[in-house]
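I have placed the structure first, in the form of structure tokens, so that the comments after it can refer back to it.
Read-outs: derived from the displayed coordinates by stated rules, not from any lab. Source: prediction; values computed, not measured. Here the Cβ is made from the backbone with ideal geometry for all residues, glycine too, and neighbour counts use every protein chain on show.
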Amino acid sequence: MLWKTHKSNPPFEIIDLTITPWVAGRKESGKGYILKLILAQPFATLDSVLYANASGVWKTDDSSSKRAVYCANINEKKQHQNELILDANLVKEYGNQPPKSPKHQVMIYYRYMNKPQRYIHKKPNIKPTLLYV
């Protein structure tokens, strides 16, 4: 699915977007981010999120009854391949890592009027890192 359409004003109102980094007690367990998105009204077609080259899927958080709250827990993946294979054939491009996104920008993917679209949120609230032992 191609997410070519970038919108500067999404069809939903973001009240708050917080990012809480987390680190596991052992190196092989990894690290990641917990994202919490609060909207003014529920938006049924939120799809996924991309932050720091890690992606996840939005899930509704039913603990808050007053507002529409969505959460995503994403793991940062280890990069195994640093060298890119540039080719016009998309099959030969398979395995390339996506380009690094600017720091502290969150890409929110959603569907609106049955078309895939994305919105770049540039000012998330970064919370202190959670350390799991």
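Some observations on this one:
- Residues Asp62, Asp16, sorted so that the one with the fewest Cβ neighbours within 10 Å comes first: Asp62, Asp16
- Order by protection proxy (mean Cβ within 10 Å, highest first), peptides 104-113, 124-133, 48-57: 48-57, 104-113, 124-133
- Model label sites at Asp47 and Lys92, defined 7 Å from Cα along the beta-carbon direction, differ in position by 2.8 nm.
- Across region 17-24, rounded Karplus estimates of 3J(HN,Hα) from the backbone phi angles (6.51 cos²θ - 1.76 cosθ + 1.60, θ = phi - 60°) give 9, 10, 10, 10, x, 9, 9, 7 Hz, Gly and Pro being marked x.
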